[in-house]
Amino acid sequence: QVKLVESGGGVVQAGGSLRLSCEASGISFSINVINAIGWYRQAPGKQRELAVVSRNGDSTNSADSVKGRFTMSRDNAKNTVYLQMNSLKPEDTAAYYCYLVSTSRNGTENIHWGQGTQVTVSS
């Protein structure tokens, strides 16, 4: 039921910026309980890793490698979460996946993933 669609990826030179968007459907940020929301990334040949995730609307966790450069924000009216990426480095090259954890009516947590958007940073 819940669908996450990422956009905004592309090719950018090192030092540049991109803003990723994740639009959610089948869920309301203003009505439903969102336990966690944010972004993971997966570089070629590597494990998927946390980039920036917020849990319970607070305590944003960022990977050490992106702290100070990546900022997450939300627009509840648009059911959209953003990832502003500044000072991009070649090592930021990865597929970026939107991540959301919601609570079902029966109280069970459900994990949702987007299909990913590719970010390529050239040097």
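Within the straight-line cut-off of under 29 Å between alpha carbons, the lysines reachable from residue 3 are 46, 67, 78, sequence neighbours fewer than 8 places apart in one chain being disregarded. At an R0 of 30 angstrom, the distance between the Cβ atoms of residue 105 and residue 76 translates into a FRET efficiency of 0.90. Ordered by solvent-accessible area of protein heavy atoms (1.4 Å probe), largest first, the residues 48, 105, 41 come out as 105, 48, 41. Heavy-atom surface analysis with a 1.4 Å probe gives the chain a carbon and sulfur content of 43 percent of its accessible area.
Let me make sure I get this right: for the stretch 1-49, a, b and c are the square roots of the gyration tensor eigenvalues over alpha carbons, sorted descending. Under 1.5 in a/c it's rounded, otherwise prolate if a/b > b/c, else oblate. Which is it? Here the stretch 1-49 falls in the prolate category. Taking Cβ atoms as reference points and 15 Å as the exclusive limit, the residues near residue 9 contribute a net charge of -1, counting Lys and Arg as +1 and Asp and Glu as -1.
The spacing between the stretch 50-77 and the stretch 17-37, judged by their C-alpha centroids, is 12 Å.
The values are calculated or read from the model by the stated rules, or taken from the named source; none is laboratory data. If you're wondering where the values come from, they're calculated on a predicted model, not measured in any experiment. In this analysis, Cβ positions are derived from the backbone assuming ideal geometry, glycine residues included, and neighbour counts consider all displayed protein chains. Accessible surface is based on the protein model in full, side chains and every heavy atom, while ligands, DNA and RNA are left aside. Shrake-Rupley method; radii C 1.70, N 1.55, O 1.52, S 1.80 Å.
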